[in-house]
Amino acid sequence: MMITTKKTKSYRLLLLALAIAVLTLIVYRVFLSPSTETLNVKTFRVSGGWGYQIFIHQKPYIYQPFIPAIPGKKPFPSRMTALRAAKTVKAKLLRGQRPDLSLEEVLKTGVDSLGNSN
């Protein structure tokens, strides 16, 4: 007959907890986290300019018809500026970051602080 000590029980619980943690990580990485294959961007025309949409597993995740981080609701002035912003957001999502854009990031897309092309 095998005698189970407190130390043995502790090791078993630790091993079980590690197994659950590893399994959870695998499930997240395989099924839930966005990857380059499951995350797509599209630009679209809106009145007076362009917007973008981001899809995860072909399901809409972000619908952005105007430039974030600047006052008002102005659309992107060109398809290219909307696409640059969408790609910036996509990259942030792939790194596990929040999908918001700062004014500095918006300016890097080629849009000035008033929403016009540079």
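State the answer as a single residue: which of Leu103, Thr24, Val46 lies farthest towards the positive end of the charge dipole of the chain, with beta carbon charges of +1 for Lys and Arg and -1 for Asp and Glu, about the Cα centre.
Thr24
Relative to the longest principal axis of the chain, what angle (0 to 90°, nearest 10) does the C-alpha long axis of helix 79-94 take?
Relative to the chain, helix 79-94 is tipped by roughly 10 degrees.
Within 10 Å of each residue's Cβ, count the other Cβ atoms and sort Ile54, Ile26 from fewest upward.
Ile26, Ile54
Show log10 I(q)/I(0) for the chain at q = 0.12, 0.20 Å⁻¹, two decimals, from a solvent-free Debye sum over equal Cα scatterers.
-0.54, -1.01
Over the Cα atoms of region 39-107, how large are the radius of gyration and the largest Cα-Cα distance (Dmax), in Å?
11.2, 32
Counting Lys and Arg as +1 and Asp and Glu as -1, what is the net charge of the other residues whose Cβ lies under 14 Å from the Cβ of Arg98?
For residues surrounding Arg98, the net value is +1.
Roughly how big is the chain's charge dipole about its Cα centre, with Cβ charges of +1 (Lys, Arg) and -1 (Asp, Glu), in debye to the nearest 20?
Around 460 debye, computed over the chain.
Under a 10 Å cutoff between Cα atoms, tell me which one of Leu101, Leu14, Leu83 has the largest fluctuation in the Gaussian network model of the chain.
Leu14
Using unit Cβ charges (K, R positive; D, E negative) and no other charged atoms, how large, in debye to the nearest 20, is the dipole of region 39-107 about its Cα centre?
Once rounded to the nearest 20, the dipole reads 200 debye.
Say we join alpha carbon atoms closer than 10 Å with springs in a Gaussian network model of the chain; which of Thr81, Thr24, Thr38 then has the biggest fluctuation?
For the chain, modelled as a Gaussian network with Cα springs under 10 Å, the answer is Thr24.
None of the figures in this text is laboratory data; all of them are computed from the coordinates on show. Keep in mind that what you see is a predicted model, and the values were worked out from it rather than measured. FYI the Cβ positions are ideal-geometry reconstructions off the backbone, even for glycines, and counts take in every protein chain you see.
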